[in-house]
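Q: This structure is in structure tokens; I'll ask about it shortly.
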Amino acid sequence: MTTTPFHEAVKSVGSLTELARLIGRRQSTLQIWEARGWPAPDACPAIERATDGKFTRLQLLEPAFNEKAVAKYDGRRKPLPSKRVKKARAG
């Protein structure tokens, strides 16, 4: 397995459980990030603070920007909302 800045950030605070506690997320969420190699973009500032700036948000997301990783995961959890067309009520 390739070691990413996220993996190094986990090691720097001690454990996945400790990092989850520090950033206010569930351990199960961090396990998903660990398997993928990078955290959710909205969590990067909290990880940067938890590691006292040793790992910047740009470093944490760097693996997400290589082509192979982007092809595997596009960053969206839900499809984009579609525009709703109001139907006229009959009657």
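Every number here is computed from the coordinates shown, using simple stated rules; none is lab data. The structure displayed is predicted, hence computed values, not measured ones. Neighbour counts run over all protein chains shown; Cβ positions are idealised from the backbone, glycine included.
Q: Above 16 angstrom, tally the Cα pairs of region 5-69 and express them as a % of all pairs, no decimals.
A: Working: 703 of 2080 pairs.
Percentage above 16 Å: 34.
Q: For labels at Q27 and L58 in the simple 7 Å Cα→Cβ model, what's the distance in nm?
A: If labels sit at Q27 and L58, their model points lie 3.4 nm apart.
Q: Subtracting the Cα-Cα distance from 0.36 nm times the residue separation, let me have the gained length for E18 to A35 in nm, one decimal.
A: Details: separation 17, 0.36 × 17 = 6.12 nm, distance 1.71 nm.
Length difference between fully extended and current span is 4.4 nm.
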